[in-house]
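Each remark here refers to the structure printed beneath this line.
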Amino acid sequence: MSLKNLPADVTYYDLNNEINIPIDNQIPLNKDQEALAAFLVQNVQPNTKTFASLKDRFDYLETHDYLETGFIAKYDFAFIEKLYAYLKSQDFHFKTFMAAYKFYAQYALKTNDGDYYLENYIDRVAMNALYFADGDPQLAMDLADEIIHQRYQPATPSFLNAGRSRRGELISCFLIQSTDDMNAIGRTINSALQLSRIGGGVGINLSNLRGAGDPIKHIDGAASGVVPVMKLLEDSFSYSNQLGQRQGAGVVYLSVFHPDIMAFLSAKKENADEKIRLKTLSLGVTVPDKYYELIRADADMYLFSPYGVEREYGMPFSYVDLTKEYDNMVKNPNIKKTKVKARDLENEISKLQQESGYPYVVNIDTANRENPIDGKIVMSNLCSEVMQVQTPSLINDQQEYEKLGTDISCNLGSTNIVNLMQSPDFGHSVEAMVRALTFVTDNSNVDVVPSIQKGNHQAHTIGLGAMGLHAYFAKNHLEYGCKEAVDFTNIYFLLLNYWTLKASNEIARERHETFVNFDKSKYADGSYFDKYTEQAWQPKYAKTAELFAGIKIPTQADWEALKVAVMRDGLYHQNRMAVAPNGSISYINDTTASLHPIINRVEERQEKKIGKIYYPAPYLSNDTINYYKSAYDTDMRKVIDVYAAAQQHVDQGMSLTLFMRSTIPAGLYEWKDGRTDKMTTRDLNILRNYAHRKGIKSIYYIRTFTDDDSEVGVNECESCVI
């Protein structure tokens, strides 16, 4: 942090570090409060540029090119003063040193030389509210109310860049795919360079590419396979590194039935040959139901040449239903195939996950079975929670689009569960959030990759998620994964689903516009709503009902009325919900990340600028400490149960991380067939199969706590933690 007058003795840092030194066997949480106060006095106050009036401040920011031109002029300045007066009256304060430090280090606008802060938290909230409301004073007030009370948190790219003249995109990540020809591969690599340059992680589907040894122009053995393309992509992300501030970040996905799957996995191993070893590129596999069926039967499985499959089926490999067509493909002599043992491949996946945390696993048939949109989901993103239909492009020899397909941008934001549950009007809060995200999708213009631009303009997709679930459980004395906790998760995400549908329907009615191909969706024919109209969805337990007291839970009649409205007027957004990891924004919200359990009651973070920072779990006290069990000491089936409860209402996916110990405490896992105290590949196999049976669409990282107190699989890129 380049700020003038920084004290040589950074006492706020020292005070924060004292949290890690118990006093009389107690965590000295008061040291964090002292660190917070010292940080504000010693760092923030002397290094914040002050102005005589609010008008002077805005004039300065516009004159010196800190503000995007035009959006402030959409408001009468008297209204801006009114909005600021309201925000100040709410008496916002950071609750922890980590929250304040993260905000000022990562989000606050600074002078060009880095010497002064030009805004505080209220200023950033105001910029977001004014920018995303796009000239609508009432919406600006609503958004200001949601963000200052931390019921809603825009994703990092949106929260950081809103209103700035020199900014990156408002989008978190992108998804693209390649087809099986050199023009498409070249265009894919160029797209990766361009998208990495403008910020955000990039997911790339390589399943359509022919395998190593496949023919080129009918010459057998000519193709090099997917690994060389992966190396080119890794180098592209390293080169196009967002102004040198951070490395570009990407993930490549490959079908588990692709003939290069073993080489694909091997490229991430620590002992891989340097010519093929991937150091920074992330890996993901797409897994259809047929794979799990073959594993259960301990059967052989066949890997199919995408080259042969495309010629037989007339479509790229990713678009063929492998579960449905598997037996036909095995019998087809025109499709080159390789035989392996299904369980051998399963063990290879588990071994690599133990070693590196990769690959991500996308249960592609589960995703498509629950997909209400016409078309096929073929991949996911850098955090495995975005799942939307895509169509392939056709590139000619001039590197032009002969047929422009559709790809994906991720327009994300998150609810803070603890605070949204205290909203005076849950539905109104969610509507404001949907409208803020709608601005992001409407005003994102990724023309460097036309297929993404087309996909975004047609689909208007957003991804509203959630964070702070474990904090909510602890605060309300619920053990993570207990029946009441699962029940709460079910109802909370049912509410998000209902109110995002209501908001999307209202916007479609206002604008007389729906997403493209709405008429071919399960929303249009009403079948999407059957599970809500044919049974009552209410809390099952008295404790859960008590938590939702005063919050309207839609009845079957409410769902029926919504079904009629959607069938009549449509939806503006093709997709509405996705649960991202949201690590960075959870800190400034003083809450727990995403839906998973905490790692430690006092988390240790290594910050590049000042070293280790300690972050106590939200609401940690003698009253809540017993409800804050580490993820590493939690049966992961309970975590899967919680995510599964949410997944049944989330139209896209969720970034589900599994946490494993290399040495497992006795009694933590009670497998039916007995077990040892060492984590084995079999343990991970069981968990992945359990997740599949529970309807989980994807598994993100596997994080392993080893015997030497280190973690494997924790190299989460900044693009992931939105």
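Peptides 479-492, 85-98, 355-368, 462-475 ordered by packing proxy, namely the average of other Cβ atoms within 10 Å per residue, highest first: 462-475, 355-368, 479-492, 85-98. The tail of the calculated P(r) for the stretch 173-408 beyond 28 Å holds 26 percent of all Cα-Cα pairs.
Of the Cα atoms belonging to the stretch 426-568, the radius of gyration and Dmax stand at 17.5, 53 Å. Computed about the Cα centre, the dipole magnitude for the chain is approximately 780 debye when only Lys and Arg (+1) and Asp and Glu (-1) carry charge, each at its Cβ. Relative contact order of the stretch 472-573: 42 percent, from C-alpha pairs under 8 Å at least 6 residues apart in sequence. The value of relative contact order for the stretch 164-299, using C-alpha pairs under 8 Å at least six residues apart, is 21 percent.
For the chain, the square roots a ≥ b ≥ c of the C-alpha gyration tensor eigenvalues yield an a/c under 1.5, which makes the shape rounded. Normalising the average separation of contacting C-alpha pairs (under 8 angstrom, six or more residues apart) by the number of residues puts the relative contact order of the chain at 14 percent.
What is the stretch 522-597 by shape, rounded, prolate or oblate, if you read a ≥ b ≥ c off the alpha carbon gyration tensor as root eigenvalues and call it rounded for a/c under 1.5, prolate for a/b larger than b/c, and oblate otherwise? Judged from the Cα gyration tensor, the stretch 522-597 comes out oblate (a/c at least 1.5, b/c at or above a/b). Of the peptides 324-336, 176-188, the ranking by mean beta-carbon count within 10 Å, highest at the top, reads 176-188, 324-336. Dividing the summed helix terms, -39500 (n - 2.57) for each DSSP H run of n ≥ 4, by the number of residues in the chain produces a 222 nm estimate of -11500 deg cm²/dmol to the nearest 500. Think of the stretch 233-349 as having a plus end and a minus end, set by charges on the Cβ of Lys, Arg, Asp and Glu; of PRO259, PRO306, ALA249, ALA249 sits farthest toward the positive end of this dipole. With neighbour counts taken as other beta-carbon atoms within 10 Å, the residues THR415, THR624, THR441 rank, fewest first, as THR624, THR441, THR415. Partners of LYS88 within straight-line reach, counting lysines whose Cα lies under 23 Å from its Cα and excluding those fewer than 8 residues away in the same chain: LYS49, LYS55, LYS74, LYS102, LYS110.
Charged side chains reduced to their Cβ positions (Lys and Arg at +1, Asp and Glu at -1) give the stretch 173-408 a dipole of some 340 debye around its Cα centre. Round to a whole angstrom and tell me the spacing of the C-alpha centers of the stretch 371-413 and the stretch 114-164. Comparing the Cα centres of the stretch 371-413 and the stretch 114-164, I get a distance of 30 Å.
Every number in this text was worked out from the coordinates using simple rules, so none of it is lab data. Just so it is clear, the structure is predicted and the values come from calculations on it, not from any experiment. Virtual Cβ from ideal backbone geometry, glycine too; neighbours counted across all protein chains shown.
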